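Presented below is the structure to which this report refers.
Quick note: the coordinates plus some simple rules give every number you see, no bench work behind them. Keep in mind it's a predicted model, so treat the numbers as computed, not measured. Note that each Cβ is placed from the backbone with ideal geometry, even for glycine, and that neighbours are counted across all protein chains shown.
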Amino acid sequence: MTADWDASGVEIKSERLRLKLFTVDDADAVFAAITPAITRFMQWEPPRSSTAFADVWRSWLAPILDGSDLHFVVRSLVNDRCLGLVGLHAAKTTCPEIGIWIREDAHGNGIGREAVAAVAGWASEELDPDCFEYPVAEENMASRRIAEGLGGSIVETRFNPKYTSVIYRIPNLRR
């Protein structure tokens, strides 16, 4: 990432989605999409209030601006509805981590796969990492299929208080 990094200019489009970096204007729509069911396979719990969520999203702003930790808001091209987030964490490293959550009522439509592929494709072009790390709860078969569909293979297992996760390594999509 160069010194002229401009977070406001980043927009990724796919067949059905538009992904832009999180801004303050996205906070209410993102918060409204977070439910206990989507955090079942996340290390974090849903924020109890929009005020509690504000503490979270405020911590994202500086890393987005310097390009080190990117949170992309996933929106429908058809109606601009917020569908979730894709994170590209440790974006300036040789193997950034990708994380995703998609709102419950959009599950089962390939939105997660399309969003992760779009971010990985963009990052492969713009940042040229060696690979991507994609941690996923061992029991989250839908998310595991995303990694496997992008050529990912399991390289590690990790344990946390909520679940056991497997770590996929996904190759740079450009190479």
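Laid out as a table, the results:
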{"item": "Segment residue 78-residue 145, extension gain: residue separation times 0.36 nm, minus the distance between their alpha carbons", "result": "21.6 nm"}
{"item": "Net charge, residue 52 excluded, C-beta distance under 13 Å - Lys, Arg +1, Asp, Glu -1", "result": "0"}
{"item": "15 Å beta-carbon shell around residue 26, net charge (K/R +1, D/E -1)", "result": "+2"}
{"item": "Calculated volume of the Cα convex hull per residue in Å³ (choose from (i) 113; (ii) 98; (iii) 176), label", "result": "(i)"}
{"item": "Long-range HN-HN contacts of residue 100 with modeled amide H, under 5 Å", "result": "87"}
{"item": "Distance between modelled label sites at residue 130 and residue 23, nm, 7 Å Cα→Cβ extension", "result": "3.6 nm"}
{"item": "Surrounding net charge for residue 40, when Lys and Arg each add one and Asp and Glu each subtract one, Cβ distance under 13 Å", "result": "-3"}
{"item": "Cα-centred dipole magnitude for the stretch 9-130, charges only on beta-carbon of K, R (+1) and D, E (-1), debye, nearest 20", "result": "340 debye"}
{"item": "Cβ crowding within 10 Å averaged over residues, with 112-122, 30-40 ranked highest first", "result": "112-122, 30-40"}
{"item": "Distance (nanometres) between label positions extended 7 Å along Cα→Cβ at residue 104 and residue 37", "result": "0.4 nm"}
